[in-house]
Amino acid sequence: MEIEESNAITDICSLVVHPEYFRQGIANELLRFVKESFHSEIIIVETGLENKPAINLYQNFGFIEEKRWM
């Protein structure tokens with residue numbers, strides 16, 4: 001995971017789990033760590049349009065889709 005923090009914004013630049021460890025709750029725990037450790041007003045994350053598991057994960061954490069890049 002790569003995180004950049006400035007002022008009131010935390011940007012999760014990269015969150016990657018090795019395929020051998022998919023579906024074990026690791027990404028979930030990493031997001032929980034960010035939410036508990038960084039007290040920014042805004043947390044930003046990006047993922048691919050077709051990455052349904054990641055989109056579902058972020059939505060479950062309360063992230064709201066702001067923009068789509070095509």
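Quick notes on this one:
- Close pairs (7 angstrom Cβ cut-off, 6 or more residues apart or separate chains): surrounded by 13 or more Cβ atoms within 10 Å (Cβ to Cβ) in region 1-26, in a helix (DSSP H, G or I) anywhere: 1/30; 3/34; 10/34; 12/34; 15/27; 15/30; 17/26; 17/27
- Top-ranked residue of region 53-70 - restricted to ones that are in a loop (DSSP other than H, G, I, E, B) and open to solvent by less than 90 Å² (accessible area, probe 1.4 Å), ranked as nearest to residue 8 (Cα to Cα): 63
- When restricted to residues that are surrounded by 10 or more Cβ atoms within 10 Å (Cβ to Cβ), free of Cβ contacts under 8 Å to residues at least 24 places away in the same chain and in a helix (DSSP H, G or I), region 34-52 contains 2.
The values are calculated or read from the model by the stated rules, or taken from the named source; none is laboratory data. Nothing here was measured: the structure is a model prediction, and the numbers come from that model. Every residue, glycine as well, gets a Cβ built from its backbone with ideal geometry; the counts of neighbours run over all protein chains shown. For the accessible areas, the whole protein counts, side chains as well, though only heavy atoms, and no ligand, DNA or RNA atoms are used. Shrake-Rupley method; radii C 1.70, N 1.55, O 1.52, S 1.80 Å.
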